[in-house]
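Below is one structure, written out as C-alpha cells, with a few remarks after it.
The values are calculated or read from the model by the stated rules, or taken from the named source; none is laboratory data. Being a predicted model, the structure only gives us computed values, none of them experimental. Positions of Cβ are backbone-derived with ideal geometry, glycine not excepted, and every protein chain shown enters the neighbour counts. Please note that ligands, DNA and RNA were not included when accessible areas were found on the heavy atoms of the full protein model with its side chains. Shrake-Rupley method; radii C 1.70, N 1.55, O 1.52, S 1.80 Å.
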Amino acid sequence: MTGDLGPALGWDTSLEYDVGVNLNKWAYMVGFNKQIGKHYNMTFLYNKGETRNSFTVNLGYRF
C-alpha cells in the first residue's frame with residue numbers, strides 16, 4: 001500500500017508513505033446488526049479470506 005497524504009491533509013507539500021503490504025487477494029464479509037429494544041444493539045461480522053479469518057462481536061448501549 002502506497003499513497004500521498006499531503007493533499008488529503010490540505011498541505012502543499014507531499015507526504016508519501018509505503019507500508020510494504022501487497023494486498024491482491026480478496027476476502028468476503030458477512031454480518032448483521034440487530035436493535036434490541038430502545039437502547040441496545042448487537043453487531044456480528046465475519047471476514048474470511050485466503051490469508052486471514054476474523055470475526056467481530058459488538059454489544060452497544062445508547063442512552
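Report, by residue number, each residue of the range 13-36 that is of a type in the set (D, E, K, R) and within 14 Å of Arg52 (Cα to Cα). Walk me through it before giving the result.
Kept after step one, since they are of a type in the set (D, E, K, R), are these residues of the range 13-36: 16, 18, 25, 34.
Within the range 13-36, Lys25 is the sole residue that qualifies.
Results for (1) part of a strand (DSSP E or B); (2) out of contact with any helix residue (DSSP H, G or I) (no Cβ under 6 Å at 6 or more places or on another chain); (3) open to solvent by less than 80 Å² (accessible area, probe 1.4 Å), shown as yes or no for each residue.
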site: Gly3; (1), (2), (3): yes, yes, yes
site: Pro7; (1), (2), (3): no, yes, no
site: Val21; (1), (2), (3): no, yes, yes
site: Lys48; (1), (2), (3): yes, yes, yes
site: Ser54; (1), (2), (3): yes, yes, yes
site: Val57; (1), (2), (3): yes, yes, no
site: Gly60; (1), (2), (3): yes, yes, yes
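Count, please, the residues in the range 9-19 that happen to be at negative phi and part of a loop (DSSP other than H, G, I, E, B).
Of all residues in the range 9-19, those at negative phi come to 9, 11-19.
Pick out the ones that are also part of a loop (DSSP other than H, G, I, E, B) and you get 11-15, 19.
Summing the residues that are at negative phi and part of a loop (DSSP other than H, G, I, E, B) in the range 9-19 gives 6.
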Looking only at residues that are at pLDDT below 90 and in a loop (DSSP other than H, G, I, E, B) in the range 23-37, which one is farthest from Thr56 (Cα to Cα)? Asn24
